Amino acid sequence: MEDISGRSLFKKYDPDISGSPFINDEWIMAMITLSQGNEIGPLKIKLNIENNELYYLDSLGKEMIAVEGIVKKVDCINYYSKDSIRYIFKTGYPAIDKQNENYYYQVLTEGNVELLAKKFKYIRTTKEEVSGAVSKDFVEGIVTMYVYANNAIREFRPNKNFIISVLKNKEQEINKFIDTDRTNFKKTKDVVRLINYYNSLL
């Protein structure tokens with residue numbers, strides 16, 4: 001616990017905003033790998049995907065926010081999404097679009113090639129035409145996929161040509177796997193299976 005730097009949660013959201021800014025509403029256990037490489041935990045954490053902040057409970061049970069840039073990896077323990085993919089988040093990737101190197105991506109494959117998911121929420125403001133009443137709620141944005149390979153990050157394109165351009169040093173094996181597995185590039189689970197196969201060849 002002494003290794004992780006944090007600041008107190010001094011800013012609260014307006015209680016009138018419906019929903020939650022977190023990817024996980026409840027506190028869940030996670031192992032944390034810091035940017036220097038040392039691992040701590042398990043800690044109770046929540047990941048705020050509205051403002052890209054990691055919340056955790058310190059040894060006294062106080063709610064804290066990890067200082068930007070100090071966390072490299074968040075490995076959630078015994079917590080799985082509906083498609084049975086374990087929740088792992090990492091930072092440290094090159095800046096792309098509006099994300100800097102401290103952005104928490106969900107990592108769907110680990111290895112030489114990593115498939116990353118950008119998941120986020122934003123606050124939507126709605127005004128009723130008749131009454132003029134204003135309401136706010138947290139809304140999930142459209143997930144954007146990226147591929148990280150050879151120290152570069154690119155937005156994922158759901159087609160065979162893109163995949164072959166990334167995995168070209170094993171093109172023959174990859175083509176055979178695609179044909180046998182009948183890979184649908186628009187299905188995340190199919191792409192995960194394909195990239196995991198590629199990583200197993202290296």
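The values are calculated or read from the model by the stated rules, or taken from the named source; none is laboratory data. Because the structure is a prediction, the values reported are computed rather than measured. FYI the Cβ positions are ideal-geometry reconstructions off the backbone, even for glycines, and counts take in every protein chain you see.
Annotations
- Answer from Glu114, Glu101 - the residue that is exposed (fewer than 15 other Cβ atoms within 10 Å of the Cβ) and at pLDDT 95 or above: Glu101
A quick yes/no check of all residues on (1) of a type in the set (A, V, I, L, M); (2) in contact with a strand residue (DSSP E or B) (Cβ under 9 Å, 6 or more places away or on another chain); (3) under 26 Å from Glu140 (Cβ atoms); (4) modelled with pLDDT under 95:
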position	(1), (2), (3), (4)
Ser20	no, yes, yes, yes
Ile23	yes, yes, yes, yes
Glu26	no, yes, yes, yes
Ser35	no, yes, no, yes
Asn52	no, yes, yes, no
Tyr55	no, yes, yes, yes
Met64	yes, yes, yes, yes
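- Among the residues of the range 186-202, the ones that are exposed (fewer than 11 other Cβ atoms within 10 Å of the Cβ), within 23 Å of the chain's Cα centre (by Cα) and not basic (Lys, Arg) come to 1 in all.
- Selection from the range 152-169 of residues that are assigned to a loop (DSSP other than H, G, I, E, B) and either closer than 21 Å to Lys119 by Cβ or β-branched (Val, Ile, Thr) (or both): Phe156, Arg157, Pro158
- Of the residues screened, Phe156 is not one that is touching a strand residue (DSSP E or B) at 6+ places or on another chain (Cβ under 9 Å), touching a residue at least 24 places away in the same chain (Cβ under 8 Å), closer than 23 Å to Asn48 by Cα and aromatic (Phe, Trp, Tyr).
- When the range 29-63 is limited to residues that are in contact with a Leu (Cβ under 9 Å, 6 or more places away or on another chain) and of a type in the set (Val, Ile, Thr), the one that is surrounded by the fewest Cβ atoms within 10 Å (Cβ to Cβ) turns out to be Ile40.
Condition check ((1) among the hydrophobic types (A, V, I, L, M, F, W, C); (2) closer than 17 Å to Lys90 by Cβ; (3) surrounded by 14 or more Cβ atoms within 10 Å (Cβ to Cβ)) across all residues:
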position: Glu140; (1), (2), (3): no, no, no
position: Met145; (1), (2), (3): yes, yes, yes
position: Tyr148; (1), (2), (3): no, yes, yes
position: Asn151; (1), (2), (3): no, yes, no
position: Phe156; (1), (2), (3): yes, yes, yes
position: Asn159; (1), (2), (3): no, no, no
position: Phe162; (1), (2), (3): yes, no, yes
position: Ile178; (1), (2), (3): yes, no, yes
position: Asn184; (1), (2), (3): no, no, no
